[in-house]
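Below: the structure, in structure tokens.
The values are calculated or read from the model by the stated rules, or taken from the named source; none is laboratory data. A quick note: this is a predicted structure, and the numbers were derived from the prediction, not measured. Every residue, glycine as well, gets a Cβ built from its backbone with ideal geometry; the counts of neighbours run over all protein chains shown. SASA here: full protein model, heavy atoms, side chains in, ligands and nucleic acids out. Shrake-Rupley method; radii C 1.70, N 1.55, O 1.52, S 1.80 Å.
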Amino acid sequence: MNPLVTPDIGLVFWTTVSFAVLFFLLAKFAWKPIMGALDDRERFIEDALSKAEAAKEEMSRLTNENEVLIKQARLERDAILQEAKKVKDQIIAEAKEAAHKEGARQIELARIDIHNQKAIAMADVKNQVAALSLEIAEKVLRKQFEDQGKQDALVADLLKEVKL
């Protein structure tokens with residue numbers, strides 16, 4: 001048998017003694033700094049996690065505030081657009097009414113102008129008809145009164161018709 005595979009009492013004793021010395025040295029000098037570093041690391045991780053959680057809550061709060069602000073902005077935008085539409089419709093209605101009134105006024109002015117032009121034309125036609133009538137009557141009378149006997153007969157007939 002191999003002596004390395006089968007432990008004898010001396011080997012076990014010296015292995016135990018060296019383990020105990022190593023354990024004592026590690027406990028005396030290494031365990032406290034290692035445990036302190038692990039505790040520091042654990043506190044750092046917990047602190048980082050709490051900060052991350054606080055940041056997450058802050059982001060959630062800011063997101064909610066942003067959503068509220070966006071909703072308010074949308075409502076204000078809708079109100080402004082609605083008001084602008086009302087103003088636009090009002091301006092269009094006023095413009096249509098003003099155009100209608102102006103059109104009616106222009107039509108009335110045109111009617112008055114047409115009536116005046118018609119009256120002027122009718123007066124002109126009457127004047128021309130009167131002038132033509134007088135001219136025709138004058139020519140007829142001249143033709144008829146060329147003879148002195150006919151004139152005397154006409155005057156006598158007219159005197160008989162007129163009763164004094």
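Normalised size of segment 6-46, defined as Cα radius of gyration per 2.2 N^0.38 Å with N residues, equals 1.81.
Spacing of the modelled spin labels on A104 and R41, each 7 Å from Cα toward Cβ, amounts to 9.4 nm. Helical runs (DSSP H, four residues minimum) scored at -39500 (n - 2.57) apiece and divided by the length of the chain put the mean residue ellipticity at 222 nm at -33000 deg cm²/dmol.
Using a Cα-Cα cut-off of under 13 Å, which aspartates and glutamates could be cross-linked to K118, ignoring same-chain neighbours fewer than 8 residues away? The reachable aspartates and glutamates, counting only those whose Cα sits under 13 Å from K118, number zero.
Rolling a 1.4 Å sphere over the protein heavy atoms, what is the accessible area per residue of segment 78-164, to the nearest Å²?
93
For F19 and L49, the difference between the fully extended length at 0.36 nm per residue and the C-alpha to C-alpha distance is 6.9 nm. Listed by chain and number, the lysines whose alpha-carbon sits under 29 Å from that of K56, ignoring those within fewer than 8 places in the same chain, are K71. Considering all different alpha carbon pairs of the chain, the Kirkwood hydrodynamic radius works out to 31.4 Å.
Starting from segment 111-164, pick out the GluC sites (Glu not before Pro) whose DSSP state is loop and whose Cβ has at most 14 other Cβ atoms within 10 Å. Passing both the DSSP loop test and the Cβ count: E146.
Within a straight-line Cα-Cα reach of under 17 Å, K160 can be paired with the following lysines, leaving aside sequence neighbours fewer than 8 residues apart in one chain: K150.
Run the dipole for the chain about the Cα centre, Lys and Arg Cβ at +1, Asp and Glu Cβ at -1, nothing else charged, and hand back the magnitude in debye, nearest 20. Kindly include the intermediate steps, with their values, before the conclusion.
Numbers: 25 positive and 28 negative charges, 92 e Å.
My answer is approximately 440 debye.
Rounded to the nearest 10 square angstrom, K139 shows an accessible area of 130 square angstrom against a 1.4 Å probe. Comparing G149, I136, H115 along the charge dipole axis of the chain, the residue lying farthest to the positive side is G149, per the Cβ-charge model. Protein heavy-atom surface of segment 1-139, 1.4 angstrom probe: 68% of the accessible area is carbon and sulfur, with nucleic acids and ligands not counted.
Applying 1/(1 + (r/R0)^6) with r as the Cβ-Cβ distance of I120 and E97 and R0 = 22 angstrom yields a FRET efficiency of 0.05.
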